[in-house]
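The values are calculated or read from the model by the stated rules, or taken from the named source; none is laboratory data. Everything numeric in this text was worked out from a predicted model, so none of it was measured. Cβ: placed from backbone, ideal geometry, glycine included. Neighbour counts: every protein chain shown. Ligands, DNA and RNA are excluded from the accessible area calculation, which covers all protein heavy atoms including side chains. Shrake-Rupley method; radii C 1.70, N 1.55, O 1.52, S 1.80 Å.
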Amino acid sequence: MNPFSRTALLLFSRTGEAEARAKSFLGRAQAGKNQQIAKQLVARSHALAAASGLPAFVIDSTHQSGNSFGERISHAIQEVFNQGYDQLLVIGNDCPELQVERLHQAAQDLNRQDWVLGPDARGGEYLIGIHRQQFEAGQFKKLSWSTHRLFAELSALAGASIALLPQLQDLNSQA
């Protein structure tokens, strides 16, 4: 039996255009280059999801529903669980250091733990692995998404049954 057969991958992302509007990689005066970078990050994440060998679902900003980030990601996660998967890895498009091997490690860890977290250098996450039974949309909606508090909040929510991946750098701004 495939050890990943119960696990899906969710790429939760903005479109390249929306990402370029939201993030300033090279400063606002470089709008064209910001859009190029954003599109490259999104394309890289799509390729990574495809190369993972996991059933991959892409829910970008054109298909997300909800008023807040928490609502949008909660709906997306629930949508994938509704497809019948028991475990889910969630990634975005802003971690150029993320590799297929790390996704496979996370999927293996999720077979042994209820949660897998991949912290970024700013206190957020580049990867969240979760079991269907652990997911509570109401709790997810209330988390401090896109802040330095997210890793601490998810760790507290996960409790003892957690596997931690190495910290990786995400890319959100010129700094």
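With a cut-off of 12 Å on the backbone N, the residues of segment 123-138 near the modelled label site 7 Å out from SER161 along Cα-Cβ are 130-135. Considering only VAL100, SER45, ALA160, the residue lying farthest towards the positive end of the dipole of the chain is SER45, judged by Cα position with unit charges set on Cβ.
The listed peptides 72-80, 104-112, ordered by packing as a protection proxy, come out as 72-80, 104-112 (highest mean of other Cβ atoms within 10 Å first).
As a rough guide to protection, the peptides 115-127, 45-57 ranked by mean Cβ packing within 10 Å, highest first, stand as 115-127, 45-57. About its Cα centre, the dipole of segment 68-175 is roughly 200 debye, where the only charges are +1 on Lys and Arg Cβ and -1 on Asp and Glu Cβ. Expressed as a whole percent, the accessible area of segment 24-120 that falls on carbon and sulfur atoms is 46 (1.4 Å probe). Beta bridges per DSSP, both residues in the chain: antiparallel share near 40 percent. Based on protein heavy atoms only, segment 80-175 ends up with 46 Å² per residue of surface accessible to a 1.4 Å probe.
Note on segment 44-122: Rg/Rh from Cα positions, Kirkwood definition for Rh, rounded to two decimals, is 0.94.
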